[in-house]
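Here, each number is a calculation from the coordinates, and none is a lab measurement. The structure displayed is predicted, hence computed values, not measured ones. With ideal geometry, Cβ positions are generated from the backbone for all residues, glycine too; neighbour counts draw on all protein chains shown.
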Amino acid sequence: MTFAKNDRSGPEPSKREWFSEMIGRTRFVVLIAVIAVLLVSFSLFLQGTLLALNTIYETWRDMFAQGVASQSGTLAVEFLEVVGTMLKAVVFYLIGIGLYSLFIRPLNLTSALGVESLADLEQKVVSVVIVILGVTFLEHFIRWEKPLDTLYFAGALALAGGALVLFQQVHKGSGGDLQQPQAKLRARRELFEHDQEQREIGEQEVQRAERVTEAKAAGRIPAESGSE
C-alpha cells in the first residue's frame, strides 16, 4: 500500500496547527506497546513450537518403546497445551498488529482480518480468549483427576465465558467508530496519505449530523444508528 507524500510547500502553519501536529505525533508512542506485544507473541510462538516438537518426539519415543498403551489419556492433553500456547500467541499478535494499523500505518492484513477499529480489535481478542477458555477446560476434563474440582472449574469458566459472550453481543455493531464509515475513511486518508494530523469539521458534516439527530428524534431511523 503506497501513500502520497504531503506537499509541505505553502504558508507556515499557525501556532494552533503546530500544536495539533505535535499532539497528533504522540500516536507514535504506541510503537513501544506494539514492539513489546509482538515480542511476547513471537516468544509464545517459539515456545509453542518447541513444546510441539518436544511433545511429538516424546510421544513417538514412548510409543515405540512401550506401545500404544503408553499414550492413553495423556496425548490429547499434551497437544492441547500446545494449542493453548499458540492461541495465547495469537491474542498478543492480534493486539500488536491491530494497534500498529490503527495508530501508525494501516495494514492490509488487519483489513483482511476484519480489524478496522478498536471495537473490532476487542471483538477479535475476546473471541480468541473464549476459545482459550474452552481449550483450558477441555484439558482439565480429559485429565479428570478431581471431578468436584473440575465441576467448580467448569462453573467458573462458564461464568467468565458467558460474560465475554454477553460483552460481544452488547457491543456488536455499536460504537461511533463502526457507525461512521465515511468519516472514518476520510480521517484515515487525511492522516496516512496526506500526513494531516488536524481534522477540520466542515459545514456539510454539521448539517448532516443535525439532520440525523432530527431523524432520530422523529423515530425515522434507529437511535443506535450512525450519522452516515
Checklist entry - Quick one: ALA89 ticks every box in (1) more than 30 Å from MET63 (Cβ to Cβ); (2) touching a Phe, Trp or Tyr at 6+ places or on another chain (Cβ under 9 Å); (3) not in a loop (DSSP other than H, G, I, E, B) bar one, so which box is it? => result (1)
Checklist entry - In the range 105-160, how many are acidic (Asp, Glu) and surrounded by 12 or more Cβ atoms within 10 Å (Cβ to Cβ)? => result 4
